[in-house]
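Notes to accompany the following structure.
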Amino acid sequence: MEELSFSETAARLGLDNTPSSTVITNLGRVATVMEKIRTWLGSEPIVVHSGYRSPRVNEAVGGVATSAHCYGLACDFVCPDFGTPYEVALAILKSDIEYDQLILEYGWVHVGLAQEGVLCRREALTKRSPRAAYESGIRA
Ligand SMILES: [Zn+2]
């Protein structure tokens, strides 16, 4: 929970990043999925880059306003001892782990969950740079 609500940007800019109770519930679901992912990746350590982002923090990092991060429903991470973000994303794609969106981003992997009670899309995308369009599938 601590890892998923810590924000380097919030700390640096003095912005509040305290999750609401709804967000805390969502982060609990993300933590459960992240545990499954860690096990699937051979229990190698997961390094979380970003979990919950309050609206102001999300704005500061240039995130999309509707980002799953704002609901505490997403996690950006790497797992260097398992492999590159591409290898990690491919491995998750081959698992039966339930996610809404799996995105191979430029330097990390984003896993997003659907809102409680909403069917997850299991959508896989690649985004090669901040301004690049999303491409479908996990691409090298
Ligand atoms: Zn993300």
Problem - Separation between Cα centres of the range 63-78 and the range 102-140, rounded to whole Å - result: 11
Practice task
Starting from the Cα of Ala140, step 7 Å along the direction of its Cβ; do the same at Tyr106; then give the gap between the two resulting points in nm.
Solution key: 2.1
Exercise for the section: Just need the Rg to Rh number for the range 46-140, please, alpha carbons only, Kirkwood Rh. Expected result: 0.94
Handout entry: Of all accessible heavy-atom area on the chain, the percent that carbon and sulfur account for (1.4 Å)
Key = 53
Problem - Span from the the range 80-97 Cα centroid across to the the range 5-47 one, whole angstrom - result: 18
Handout entry: Cβ-placed point charges (K, R +1; D, E -1), dipole of the range 29-100 about Cα centre in debye, nearest 20
Key = 200
Exercise for the section: Specify the angular offset, from 0 to 90 degrees and rounded to the nearest 10, of the alpha carbon long axis of helix 21-40 from the longest principal axis of the alpha carbons in the chain. Expected result: 20
Problem - Charged-residue dipole, Cβ positions (Lys, Arg, Asp, Glu), the range 9-140 about Cα centre, Debye nearest 20 - result: 260
Exercise for the section: Using the heavy atoms of the protein chains and a 1.4 angstrom probe, tell me the accessible area per residue for the range 19-122 in square angstrom. Expected result: 50
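The values are calculated or read from the model by the stated rules, or taken from the named source; none is laboratory data. Note that the coordinates shown come from a computational prediction; the quantities given were computed from them, not determined experimentally. Backbone-built Cβ (ideal geometry, glycine too); neighbour counts: all protein chains shown. Quick note on the areas: whole protein, heavy atoms, side chains included, nothing else; ligands and nucleic acids left out. Shrake-Rupley method; radii C 1.70, N 1.55, O 1.52, S 1.80 Å.
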